[in-house]
1. In the stretch 7-25, how many are of a type in the set (Val, Ile, Thr) and farther than 26 Å from ILE63 by Cα?
2. In the stretch 1-60, how many are in contact (Cβ under 8 Å) with a residue 24 or more places away in the chain, basic (Lys, Arg) and within 20 Å of VAL79 (Cβ to Cβ)?
3. Sort out which residues of the stretch 60-79 are surrounded by fewer than 18 Cβ atoms within 10 Å (Cβ to Cβ) and not polar (S, T, N, Q), and write them in order of number.
4. Here are some conditions: (1) in contact with a Gly (Cβ under 8 Å, 6 or more places away or on another chain); (2) in a strand (DSSP E or B). ALA73 meets all but one. Which one does it not meet?
5. Mind counting the residues in the stretch 44-56 that are within 10 Å of LYS28 (Cα to Cα) and either touching a Leu at 6+ places or on another chain (Cβ under 6 Å) or surrounded by 16 or more Cβ atoms within 10 Å (Cβ to Cβ) (or both)?
6. Any residue in the stretch 62-90 that is within 14 Å of ALA40 (Cα to Cα) and among the hydrophobic types (A, V, I, L, M, F, W, C) sitting within a Cβ distance under 7 Å of a residue that is part of a loop (DSSP other than H, G, I, E, B) and modelled with pLDDT under 85? List the pairs, counting only those 6 or more apart or interchain.
7. Scan the stretch 14-23 and give yes if some residue there is among the polar types (S, T, N, Q), in a loop (DSSP other than H, G, I, E, B), at pLDDT below 90 and surrounded by 11 or more Cβ atoms within 10 Å (Cβ to Cβ), otherwise no.
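The values are calculated or read from the model by the stated rules, or taken from the named source; none is laboratory data. Just so it is clear, the structure is predicted and the values come from calculations on it, not from any experiment. Positions of Cβ are backbone-derived with ideal geometry, glycine not excepted, and every protein chain shown enters the neighbour counts.
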Amino acid sequence: MDSENELRIEAGGEKTFGPCNCCGKMTKRIWGFVYEHEAALAAYFVEWTPGHPCSSANFDLIIGTWGNDADNATRRQSVWSSAELKLAQPSWSSMRLLGVLRVAH
């Protein structure tokens, strides 16, 4: 890949919480950013419950400008679930990170 167009994915953190109301297992969430050079182009969140009977992961990619001067309203979100790649509603959607929710069908 040409280094001018190289993207870098960096882990930002992780959290374990729960237990899940239906199975009693703990849920995991990881997140981070996608960079081009030193500019953050996107943030990602992945959430799943290991050992859950209907185990799947929810993926959230938020694309747009990041940083102190960034306008949250300009960001766009793509959300999907690994279970049949169906549309998912992220559990963190109440966070003020983005503008309008847009999902690909």
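1. Filtering the stretch 7-25 for residues of a type in the set (Val, Ile, Thr) gives 9, 16.
Restricting the remaining residues to those that are farther than 26 Å from ILE63 by Cα gives none.
Adding up the residues that qualify gives 0.
2. 1
3. Pass one, the stretch 60-79, residues surrounded by fewer than 18 Cβ atoms within 10 Å (Cβ to Cβ): 61, 63, 65, 67-74, 76, 78.
Correct list: LEU61, ILE63, GLY67, ASP69, ALA70, ASP71, ALA73, ARG76.
4. Failed condition: (2).
5. 4
6. What qualifies is ILE62/LEU97; ILE62/LEU98.
7. Initial filter on the stretch 14-23 (among the polar types (S, T, N, Q)): 16, 21.
Of the ones still in play, those that are also in a loop (DSSP other than H, G, I, E, B) are 21.
Of the ones still in play, those that are also at pLDDT below 90 are 21.
From what is left, the residues that are surrounded by 11 or more Cβ atoms within 10 Å (Cβ to Cβ) are none.
Checking the stretch 14-23: not a single residue is among the polar types (S, T, N, Q), in a loop (DSSP other than H, G, I, E, B), at pLDDT below 90 and surrounded by 11 or more Cβ atoms within 10 Å (Cβ to Cβ).
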